[in-house]
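Q: A single structure is presented below for examination.
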Amino acid sequence: MHEDSNFQNFKAIIRCEDPNANLYTFVGSLELEEQQYPLTPQQLLLRDSKLRNTDCIYGAVIFTGRDTKVFQNSTGPPSKRSKVERRMDKIIYFLFGILVLMSFIGSIFFGIATREDLQDGKMKRWYLRPDDTTAYYDPKRAAVAAVLHFLTALMLYGYLIPISLYVSIEIVKILQSIFINQDLHMYYEETDKPARARTSNLNEELGQVDTILSDKTGTLTCNSMEFIKCSIAGTSYGRGVTEVERAMARRKGSPLEEEVTEEQEDKASIKGFNFEDERIMNGSWVNEPHADVIQKFLRLLAICHTALPEVDEENGKISYEAESPDEAAFVIAARELGFEFYERTQTSISVHELDPVTGTKVERSYSLLNVLEFSSSRKRMSVIVRSEEGTLLLLSKGADSVMFERLAENGREFEEQTKEHINEYADAGLRTLILAYRELDEKEYKQFNEEFTEAKNSVSADREELAEEIAEKIEKNLILLGATAVEDKLQNGVPECIDKLAQAGIKLWVLTGDKMETAINIGFACSLLRQGMRQVIISSETPESKTLEKSEDKSAAAAALKASVLHQLIRGKELLDSSNESLGPLALIIDGKSLTYALEDDVKDLFLELAIGCASVICCRSSPKQKALVTRLVKTKTSSTTLAIGDGANDVGMLQEADIGVGISGVEGMQAVMSSDIAIAQFRFLERLLLVHGHWCYRRISSMICYFFYKNIAFGFTLFFFEAYASFSGQPVYNDWFLSLYNVFFTSLPVIALGVFDQDVSARFCLKFPLLYQEGVQNILFSWTRILGWALNGVANAAIIFFFCIHAMKQQAFRKGGEVIGLEILGTTMYTCVVWVVNCQMALSVTYFTYIQHLFIWGGITFWYIFLLAYGAMDPYISTTAYKVFIEACAPAPSFWLITLLVLMSSLLPYFTYSAIQMRFFPLHHQMIQWFRSDGQTDDPEFCQMVRQRSLRPTTVGYTARFEASSRDLKAKLEDSL
Amino acid sequence: MKGRRSSSDSSSSSKTKKPQYSKFTQQELSACKPILTPGYVIGIFIIVGVIFIPVGIISLFASENVVEIVDRYDEGCIPPNYSDDMLAYIQNSDTNKTCTRSLKATKLMKSPVYIYYQLDNFYQNHRRYVKSRNDKQLWSKKHEDDTKNCAPEATSNGLSIVPCGLIAWSLFNDSYGFSIKNKMVKVSKKNIAWESDKKNKFGSDVYPKNFQNGVLIGGGKLNSSIPLSKQEDLIVWMRTAALPTFRKLYGRIESDIQANDSVTVIIENNYNTYSFGGKKKLVLSTTTWIGGKNDFLGIAYITVGGLCLFLAISFILVYVVMPR
């Protein structure tokens, strides 16, 4: 069937499961000519899969469109609003309530006054002609008049509701996003990618993140493996330094290590290979004590794999295509150490080898007899080859947990040293594999081959198990060669970033599709896990659960599995409850299958409680849907802000579900970026994004909103107070244009400047004192007390402005010429006071004065006077009551200026005193840092320590914690020995 | 060669997405970062206190220098037989409204002595009242018939009222005559209104028409041969007051009133404040640079200044007792 036309008469029936979201399972069968062929996930291509190294395939479409598994895993694009904004809505409702209340009170008084104007035909306030009036003032229908007045009042006091706030916030947020996009510290030279805020909605949310849910591959790691160390015949080779070790070294302040790192930078030229040891490189291994073992070790690396070589036709260089990057790393390592694998056919593997005797390169070809593939339950792979000399070799590599038990009695020569090395490697965050071999005799192989082939060709459902069983029989009595250590290369600066985030009190959960071992390794690599942490591992990959799954009764099996997960969760919870400090923090590691049950409604609360109590949480083998579900669980149940970060299409659901989705614009396509809110090029930029931009934006937006409410309340209440003196008739004290321009000209620009430029402390200090970030997480700057405080300040200011003005400008003459004040003079004076007070209040609360702030604040006040002059000079038809009010009436009167000064100072006094007292006695975190800055103590370690000690919870993850824990252990040991 | 290189450099740099460095975009603008250190706080408190207290004392002193005579006459000018029904008295056009009051100057009042009438509980700032005027009509003869917003005092017998509206209609019409030691004192009523009103708001070619012709007579009448720009009483009245208790300038006495002089005032008590329970007062007052008599500004300045000094001292004490 190699012609398209042959398929014309191809008839088969596929039976399969209903569309579902499970990416890793598929159940179906193909009925061809009355024969059943099983269909498994291996036969299924997921949507968006790409063909590589294959020209074409023939297939049938099983699910389309929305029914595809990938689509079932996707969730609709959410509309996200920040918590601050949602709270802002509540304040608007609250203000609207006040507005209605004020209008209502006004209407009642107005109604009563209006009704009393005409009683028994007698006019009380005759100058209003209550006998001949419109419905608005009709005493006979006072109720109607009151209702109409209510509407008038709603319009009049409408200045309480800061409508321009929404517009201003939009402007501010867009400018903030520009700052994020323009930040040079978040620009990644290698891929030429700056940070990109794709939505400006969530800037301030960046300052409130409590939990980060991170993908692993491509996010924490760069998805490339580097062969970095190996242990051969009980000797450890390789001088490479891992990212973790580097970070630890930096923490300890060892200068020697620094130099090594610098050297490293220069020569990391070969991708996947970071090995350096003159003892075995460049063929000098021949002189090592166990040269024969080294030779076998390297040969095994070159042969035992499933990679394909690709020869570059131009320069003859060979690159490799491998199923997993660590396999590629092995082959590359073998090549670099003198065993170049260059050709693979169906039956043979060809290698250029260094001959230890002659010291020349020779071509050797091994005929490939069997490949015993890797599977997650076997945790090893082997090949059986026949060398040119005719010896049969079984070459095997696998996890230490399965390999050591398979060693022959005479193969354990180096076991102790190797084990020691493996532990060292693992703690350095490396992924280790054990390499072993054995020679087979013909008879044994023949028997095995027959059985194995038979098992392979059987059609029964347990075909795989059969093959595994047979393979197991032959993979024994192995002889240990050594171990490899591959670094799943973390992205630059990841451990430092995680440490900073941990110090800032942000929790990091890792959600990955990887195997548990890999995930744990990475946990170690980025200091999320460390020796001495108690691990709570919840897994359904146990042998018992395997047997459960095989049983016929699926629902019973599921129930049993769930019970087992529940049991493990409860045990974990008990451990958590009983834990005390000395035992060290807990780490929760859970796999995808268990997660399915843990996320069910009746269990998820328990799961969440346990997870929150743990210092680190790692979910492995999780599907995109589960990532999203975990995110939702954290988001809704703890009502804390979640940030998801990922780079691949499988993270899309999580990014959309989280309060903030951050996409890594890496190599895995654009899908994550397209559905993210903010895209950055490297995980480490997250530190600056959150601690600097997030903190600033949160601070700016929350101060801006508070201030906005303050200024509108201050303005609105002066109007209301005046109404009380105008029998609530709805006459505004200010000229119409003053009213309209208040929010636009005289007070808006300083607020926007505050929202865009204000900084409590500089970026350097934001990063130096990560704990500052907790201000956002605990929402200190936008708490209800703070909002209410500002609102009260507004009311108090309004009262001071109004009552001081009317008492200073009572009925008496207000200047030498004997003139008395009219409505327009009172209005102008009050308005002048309002402009001064709100602008100076702004100047008081701003902590960062650039020329822009100066321009806007003082410019706003100056502009008011200019406007007054210009408007007053216009024709009286246009300027009405404001005609010449300033130059003729106000400016020449000393009392006008005295009142302005008095009102200004007395209005600022409460806030000024409050902040002086707070600064002195109850400083917030940023204020303490401001103290230090102004005293020049920021470089004094003692003070930095003091700030840190005010930490709200001790950090439990990150290399700082790791360093502290290890130094604690050391101290304890020292004390013991003494 | 050199030029070419630089041009290729710039083209390559424009291709990259690397943000351009500027202090603005990197948020590194130079800025002053004031924080409220104890020094600043105490300094500011002391400065404010030191400035405010003298200012307050000077203001208070200026206010104390004002000599002011206030005489409430609305009740006193009602004949005893009408004291039960003051409304009937004021609304009856046949009753004799003349009333004589005697005021005593306690101190020397230097000219000019300003004469005010003070009304109480009179809502000139009522929305209906404030709006009930037509500025176009007041200013130009062309717009004589423009009586928009003036209802119900817009027309009388189908003819437009000039000046229309409730404000003009309710013009205050009590009048005062002064004599000291039986000698008539001249009251100047010139230049009691704002210059801008006379020049730019009330037309010199607009004459009162059909004013107070209706069934219901409000307040004072106007001489229809004098243009509005010269009717200063009307102009003063039409600058609506801000608060329900207000004074308005009536005129000036341009001679000194000696201490202990007795001033006899003959009042034409025409204006009806009785129906809404408002008081009427006659006020004679001198002025200083701060205006009329009002101690509030001075006291407030002294209080705020004192408070600041008090806070300054408390802060100093706190720092002495427990330094940071």
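The values are calculated or read from the model by the stated rules, or taken from the named source; none is laboratory data. Because the structure is predicted, anything quoted here is derived from the model rather than measured. Quick reminder, even Gly has a Cβ in these numbers, built from the backbone with ideal geometry, and neighbours come from all protein chains shown. Surface accessibility is based on the protein's heavy atoms, side chains included, excluding ligands, DNA and RNA. Shrake-Rupley method; radii C 1.70, N 1.55, O 1.52, S 1.80 Å.
Q: Looking at B:Thr25, B:Thr95, B:Thr106, which is the one that is within 9 Å of another protein chain (Cβ to nearest Cβ), out of contact with any strand residue (DSSP E or B) (no Cβ under 7 Å at 6 or more places or on another chain) and either open to solvent by less than 60 Å² (accessible area, probe 1.4 Å) or in a loop (DSSP other than H, G, I, E, B) (or both)? Spell out how you get there, then give the answer.
A: Values: B:Thr95 fails: within 9 Å of another protein chain (Cβ to nearest Cβ); B:Thr106 fails: within 9 Å of another protein chain (Cβ to nearest Cβ).
Residue meeting the stated conditions: B:Thr25.
Here's the yes/no breakdown for (1) in the same structural domain as A:Lys625 (by TED's automatic domain parsing); (2) at pLDDT 85 or above; (3) within 13 Å of A:Gln491 (Cβ to Cβ); (4) under 16 Å from the mean Cα position of the chain (by Cα):
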| residue | (1), (2), (3), (4) |
| --- | --- |
| A:Ala197 | no, yes, no, yes |
| A:Leu202 | no, yes, no, yes |
| A:Glu205 | no, yes, no, yes |
| A:Met225 | no, no, no, no |
| A:Lys229 | no, yes, no, no |
| A:Ile232 | no, yes, no, no |
| A:Glu243 | no, no, yes, no |
| A:Ala247 | no, no, yes, no |
| A:Arg250 | no, no, no, no |
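Q: Out of everything in segment B:152-161 that is assigned to a loop (DSSP other than H, G, I, E, B) and of a type outside the set (Asp, Glu), what residue ends up being surrounded by the most Cβ atoms within 10 Å (Cβ to Cβ)?
A: Initially, segment B:152-161 is screened for residues assigned to a loop (DSSP other than H, G, I, E, B), giving B:152-154, B:157-158, B:161.
With of a type outside the set (Asp, Glu) added as a condition, the list becomes B:152, B:154, B:157-158, B:161.
Details: B:Pro152: 16, B:Ala154: 18, B:Asn157: 9, B:Gly158: 6, B:Ile161: 25.
Ranking the candidates gives B:Ile161 first.
Q: Can we say A:Thr133 is without any contact (Cβ under 8 Å) to a residue 40 or more places away in the chain, facing another protein chain (nearest Cβ under 10 Å) and either surrounded by fewer than 21 Cβ atoms within 10 Å (Cβ to Cβ) or not in a helix (DSSP H, G or I) (or both)? Can you show your working first?
A: Numbers: without any contact (Cβ under 8 Å) to a residue 40 or more places away in the chain: yes; facing another protein chain (nearest Cβ under 10 Å): yes; either surrounded by fewer than 21 Cβ atoms within 10 Å (Cβ to Cβ) or not in a helix (DSSP H, G or I) (or both): yes.
Criteria met by A:Thr133.
Q: Could you give every pair whose Cβ atoms fall below 9 Å, whose first residue belongs to segment B:281-306 and is within 8 Å of chain A (Cβ to nearest Cβ) and farther than 19 Å from A:Trp897 by Cβ, and whose second residue is surrounded by 23 or more Cβ atoms within 10 Å (Cβ to Cβ) and basic (Lys, Arg), counting only separations of at least 6 or pairs across chains?
A: Matching pairs, first to second residue: B:Ser285/B:Arg247.
Q: Which of the residues belonging to segment A:178-207 are open to solvent by less than 10 Å² (accessible area, probe 1.4 Å) and either without any contact (Cβ under 8 Å) to a residue 40 or more places away in the chain or within 19 Å of A:Lys507 (Cα to Cα) (or both)?
A: If the condition is that a residue be open to solvent by less than 10 Å² (accessible area, probe 1.4 Å) and either without any contact (Cβ under 8 Å) to a residue 40 or more places away in the chain or within 19 Å of A:Lys507 (Cα to Cα) (or both), then A:Glu204, A:Glu205, A:Leu206, A:Gly207 are the ones that fit.
Q: Looking only at segment A:838-854, which residues are part of a helix (DSSP H, G or I) and either touching a helix residue (DSSP H, G or I) at 6+ places or on another chain (Cβ under 8 Å) or surrounded by 19 or more Cβ atoms within 10 Å (Cβ to Cβ) (or both)? Spell out how you get there, then give the answer.
A: First, pick out the residues of segment A:838-854 that are part of a helix (DSSP H, G or I): A:838-845, A:851-854.
A:Val838, A:Asn839, A:Cys840, A:Gln841, A:Met842, A:Ala843, A:Leu844, A:Ser845, A:Ile852, A:Gln853, listed by residue number.
Q: Any chance segment A:367-375 includes a residue that's assigned by TED's automatic domain parsing to the domain that holds A:Leu392, open to solvent by less than 40 Å² (accessible area, probe 1.4 Å), touching a residue at least 60 places away in the same chain (Cβ under 8 Å) and over 22 Å from A:Arg386 (Cα atoms)?
A: yes
Q: Specify the residue that is nearest to B:Glu68 (Cα to Cα); the eligible residues are those in segment B:113-135 that are open to solvent by 20 Å² or more (accessible area, probe 1.4 Å) and more than 7 Å from every other protein chain (Cβ to nearest Cβ).
A: Of segment B:113-135, the ones open to solvent by 20 Å² or more (accessible area, probe 1.4 Å) are B:120-121, B:123, B:127-128, B:130-131, B:133, B:135.
Cutting the leftovers down to more than 7 Å from every other protein chain (Cβ to nearest Cβ) gives us B:120-121, B:131, B:133.
Values: B:Asp120: 18, B:Asn121: 21, B:Lys131: 33, B:Arg133: 33 Å.
Once the filter is applied, the top-ranked residue is B:Asp120.
Q: Among the listed residues A:Leu395, A:Leu354, A:Leu407, which satisfies the condition of being in contact with a helix residue (DSSP H, G or I) (Cβ under 8 Å, 6 or more places away or on another chain), closer than 14 Å to A:Leu440 by Cβ and surrounded by 14 or more Cβ atoms within 10 Å (Cβ to Cβ)? Quick ask: steps written out before the conclusion?
A: Numbers: A:Leu354 fails: closer than 14 Å to A:Leu440 by Cβ; A:Leu407 fails: closer than 14 Å to A:Leu440 by Cβ.
It is A:Leu395.
Q: Condition first: surrounded by 21 or more Cβ atoms within 10 Å (Cβ to Cβ) and more than 13 Å from chain A (Cβ to nearest Cβ). Now tell me which residues in segment B:162-181 satisfy that.
A: Residues satisfying the conditions are B:Val162, B:Pro163, B:Asp174, B:Phe178.
Q: Now for a separate question. Considering segment B:237-254 alone, what residues qualify as being more than 9 Å from every other protein chain (Cβ to nearest Cβ) and open to solvent by less than 50 Å² (accessible area, probe 1.4 Å)? Before you say what the answer is, go through the steps one by one.
A: Of all residues in segment B:237-254, those more than 9 Å from every other protein chain (Cβ to nearest Cβ) come to B:237-238, B:250-251, B:253-254.
Selection gives B:Trp237, B:Met238, B:Tyr250, B:Gly251, B:Ile253.
Q: Now, a different point. Residue by residue through segment A:877-936, note down the ones that are aromatic (Phe, Trp, Tyr) and surrounded by fewer than 17 Cβ atoms within 10 Å (Cβ to Cβ).
A: Here is the first cut: in segment A:877-936, the ones aromatic (Phe, Trp, Tyr) are A:877, A:883, A:886, A:896-897, A:911-912, A:914, A:921-922, A:931-932.
Within segment A:877-936, A:Tyr877, A:Trp897, A:Tyr914, A:Phe921, A:Phe922 meet the criteria.
Q: Also: Could you please let me know if B:Ser63 is among the hydroxyl-bearing types (Ser, Thr, Tyr), within 12 Å of another protein chain (Cβ to nearest Cβ) and open to solvent by less than 20 Å² (accessible area, probe 1.4 Å)?
A: Against the criterion (among the hydroxyl-bearing types (Ser, Thr, Tyr), within 12 Å of another protein chain (Cβ to nearest Cβ) and open to solvent by less than 20 Å² (accessible area, probe 1.4 Å)), B:Ser63 qualifies.
Q: Moving to a separate point now. Any residue in segment B:208-220 that is modelled with pLDDT of 90 or more and open to solvent by 40 Å² or more (accessible area, probe 1.4 Å)?
A: no
Q: Here's another thing I want to ask about it. For segment A:753-814, please list each of the helices (runs of 4 or more DSSP H) lying entirely inside it that holds at least 2 residues being within 10 Å of chain B (Cβ to nearest Cβ) and open to solvent by less than 30 Å² (accessible area, probe 1.4 Å).
A: Working: elements: A:763-768, A:774-777, A:784-808.
It comes to A:784-808.
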